[in-house]
Amino acid sequence: MKSHVLRPLYVVIGIIALVLIIRGFIVPKDFGVYDRGYMYSWYRKSNEDEWKAFKVKHRSSEYCKDCHTDKYSSIMQTPHAIIQCENCHDPAIDHPENPPKLSINKSREQCLRCHSYLPYPTSNRANIKAIDPDNHNPDIECVMCHNPHKPSLEGFKK
Amino acid sequence: MITRRDFIKYSLQGAAAIAIPALTIEILNPSKLFASKDTKKVRWGFLVDTQKCVGCGFCVRACKLENEVPYDANVSRTWVERYVVTKDGRVLTDSPKAARDGFTRNDPAGINIKKGDIEKAFFVPKLCNQCENPPCVQVCPVGATYQASDGVVLVDRKWCIGCGYCIMACPYGVRFFHPVYRTAEKCNFCYHRITKGMKTACVQACPFGARLIGNISDPNDEVGRIIRTERVTVLKDEYGTKPQVYYRGLSKEVR
């Protein structure tokens, strides 16, 4: 049946077939349906490994303590022991190779994150030793008087 | 007698007829559709304590640096909201720069409130809820956002077409476009860290233990134990998304 009516149909079927064949080459082999079924786990499996391979930057104070033993042990005896080294010194990444030296945030704003007095009754914020930033030596950095590794002016706690 | 023209024509037709089912059968495979949901051994869950949070913002800073979210852009994978409820019933909330630099002034939403006028005030950290039934995954037309078997919802940057449908679908507003990659972006529980046995960057940076992460399928896990035995709540429970970020001490003002 050579019909001019059927010819456009053949063209359409051809285009669909072409699209499906191209799709077969473009879509990765690991793109499919996984553990949680079609609605939630229709994806490219190797992307999980790509995210697992993402670079870790914060290494935690445990990473610092072997080389900076003196600094680590002194801060561990102060209330600041709960603060990670990297919160003030930036992420260690592959320090000491990269970066060879970590920066130090000595700014007043860094201390005021916790030590600016906020009268918030239903938050532990109200229980932290705090100052009024407008009246407590407003123009100088906190580190001029307080050593962050030994913050109490009287010295070590206990 | 078959002509050379017909032979080539029939050969191509035959090859195409064989090739199409082989290439398309993967589109719908019923055995995969019914793949078991009960095989997961790890289920990551998060616990936030709104009483312990002091609004220092170290978590937001650590998250941005760890996950390469541009530091000065007004987007963040996690943020801390401040709620100040006054005695005359006003609720003031703000989260300037996602609280990256912490809260240092008593000026919620730019308004100075006297100490005596405060009924209650507290901080609420927020992040992706890694829902058990994530609407963002349901709506993604290309399978770029998906739920891994351990419950964490991930975004495939190579596969995302940037349509923004998932950003609209999330009832918690945790998604945004990454300014550099220009694909959908959100918290993924620091997938590169938790899968190596480390804590997320925000949990590690929090000095006050206001954030905790754990494998809640493990009967000995601290986070799982608290979720099972203490009074915790989730955000927007009525949506049926089953968030896996649980809150201790959540107040009714928080939505």
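Figures for the structure shown
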read-out	value
Distance between modelled label sites at B:Asp107 and A:Phe25, nm, 7 Å Cα→Cβ extension	6.2 nm
Kirkwood Rh in Å, taken over the protein assembly as shown so that all alpha-carbon pairs contribute	24.5 Å
Set of aspartates and glutamates near A:Lys150 by C-alpha distance (under 16 Å), chain-local residues within fewer than 8 positions excluded	A:Asp70, A:Glu141
Qualifying aspartates and glutamates (Cα of each under 16 Å from Cα of B:Lys126; at least 8 residues distant if same chain)	B:Asp49, B:Glu81, B:Asp94, B:Asp101, B:Glu185, B:Asp237, B:Glu253
GNM flexibility winner over chain B from B:Asn112, B:Asn67, B:Asn215 (Cα, springs under 10 Å)	B:Asn112
Solvent-accessible surface ranking, highest first, for B:Phe208, A:Phe25, B:Phe122 at 1.4 angstrom	A:Phe25, B:Phe208, B:Phe122
Fraction of alpha-carbon pairs over 26 Å apart in region B:53-173 - percent	35 percent
Area accessible to solvent at B:Val85, 1.4 Å probe radius, in Å²	10 Å²
Heavy-atom accessible area order for B:Arg225, B:Arg182, A:Arg108, B:Arg4, largest first, 1.4 Å probe	B:Arg4, B:Arg182, B:Arg225, A:Arg108
Region B:68-99 versus region A:1-27: alpha-carbon centroid distance in Å	55 Å
Percent of beta bridges antiparallel (DSSP, the protein assembly as shown, rounded to nearest 5)	85 percent
Using distinct alpha-carbon pairs, which all enter the 1/r mean, Kirkwood radius of region B:185-249 in Å	13.1 Å
For A:Asp94, distant residues with modelled amide H under 5 Å away	none
In nm, spacing of pseudo-spin labels at B:Glu119 and A:Val12 (7 Å Cα→C-beta vector)	6.4 nm
Distance violations [Cα-Cα > 21 Å] among A:Lys45/B:Lys199; B:Lys64/B:Lys236; A:Lys71/B:Lys199; B:Lys186/B:Lys242	A:Lys45/B:Lys199; B:Lys64/B:Lys236; A:Lys71/B:Lys199
Average beta carbon contacts from partner chains per residue of B:206-217, 10 Å cutoff	2
Residue mean of other protein chain beta carbons inside 10 Å, B:228-241	0
Of the GluC sites (Glu not before Pro) in region A:58-149, those whose Cβ has at most 10 other Cβ within 10 Å and which sit in DSSP loop	A:Glu97
Residue mean of other protein chain beta carbons inside 10 Å, B:134-142	2
Förster-model FRET efficiency, 30 Å R0, A:Lys71 and A:Asp134, C-beta, rounded to 0.05	0.40
Exposure ranking of A:Tyr72, A:Tyr120 by accessible area [1.4 Å probe, largest first]	A:Tyr72, A:Tyr120
Relative contact order [Cα under 8 Å, 6+ residues apart], chain A, whole percent	16 percent
A:Met144-B:Glu68 pseudo-label distance in nm [points 7 Å out on the Cα-to-Cβ vector]	4.1 nm
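The values are calculated or read from the model by the stated rules, or taken from the named source; none is laboratory data. In this text the structure is predicted, and so the values were computed from the model without any measurement. We place every Cβ from the backbone using ideal geometry, glycine too, and count neighbours over all the protein chains shown. Areas reflect the complete protein model, heavy atoms only, side chains present, ligands, DNA and RNA absent. Shrake-Rupley method; radii C 1.70, N 1.55, O 1.52, S 1.80 Å.
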